[in-house]
Amino acid sequence: MDPNAPDSEQQQQQQLYYPPHVLFNQSRIYSTKFLTSCFAGAAAGILGLENFRGFAVFFFATLLSSALLWLRCKGSPKKYVPGGLVELVNPGQENLFSFLLVWTLFYGSPSPIYFWFPLNADLFSRYCTW
């Protein structure tokens with residue numbers, strides 16, 4: 001028996017995945033993670049969070065979306081994507097950068113609450129410097 005030959009059980013597991021379905025599932029997971037990181041960045045920026053509190057929002061949003069995806073996979077993500085739970089929890093480097101970009105974009109902009117509800121002119125002029 002050849003020691004370099006793949007295990008028959010591993011071959012059978014790989015044959016269970018139909019490539020078009022795996023690509024579709026991975027693209028849906030990627031889109032979900034990307035949108036989650038962008039919305040988390042916007043929330044952290046609007047709330048004015050700094051340092052570790054902002055990153056805590058990112059990690060909480062990542063864990064929440066992973067839990068929802070896990071529920072969507074009916075508790076067995078390995079059945080739908082190779083890698084299983086690790087694939088669901090991994091935030092991805094590009095999603096972290098998207099989070100940072102949106103976080104800094106919304107952090108630097110004036111809060112929209114002052115445009116909707118200007119309580120008085122002094123409060124408005126204190127926060128809007130342009």
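The values are calculated or read from the model by the stated rules, or taken from the named source; none is laboratory data. Everything numeric here is computed off the predicted structure, so don't read it as measured data. Cβ: placed from backbone, ideal geometry, glycine included. Neighbour counts: every protein chain shown.
Kindly state which helices (runs of 4 or more DSSP H) lie completely within the range 64-130 and contain at least 1 residues that are at pLDDT 85 or above, exposed (fewer than 15 other Cβ atoms within 10 Å of the Cβ) and not small (Gly, Ala, Ser).
Hits in the range 64-130: 93-108.
Quick one: how many residues across the range 15-32 are under 18 Å from Glu94 (Cβ atoms) and either of a type in the set (Ser, Thr, Tyr) or in contact with a Leu (Cβ under 6 Å, 6 or more places away or on another chain) (or both)?
4
So which residues in the range 1-46 are touching a Ser or Thr at 6+ places or on another chain (Cβ under 9 Å) and either at pLDDT 90 or above or farther than 29 Å from Leu64 by Cβ (or both), if there are any at all?
Answer for the range 1-46, where residues must be touching a Ser or Thr at 6+ places or on another chain (Cβ under 9 Å) and either at pLDDT 90 or above or farther than 29 Å from Leu64 by Cβ (or both): Thr32, Lys33, Phe34, Leu35, Thr36, Ser37, Cys38, Ala40, Gly41, Gly45.
Name the pairs: first residue in the range 44-64 and farther than 14 Å from Leu101 by Cα, second residue surrounded by 14 or more Cβ atoms within 10 Å (Cβ to Cβ) and among the basic types (Lys, Arg), Cβ to Cβ under 9 Å, at least 6 apart or on different chains?
Taking only residues 6 or more apart or on different chains, the pairs are Thr62/Lys33.
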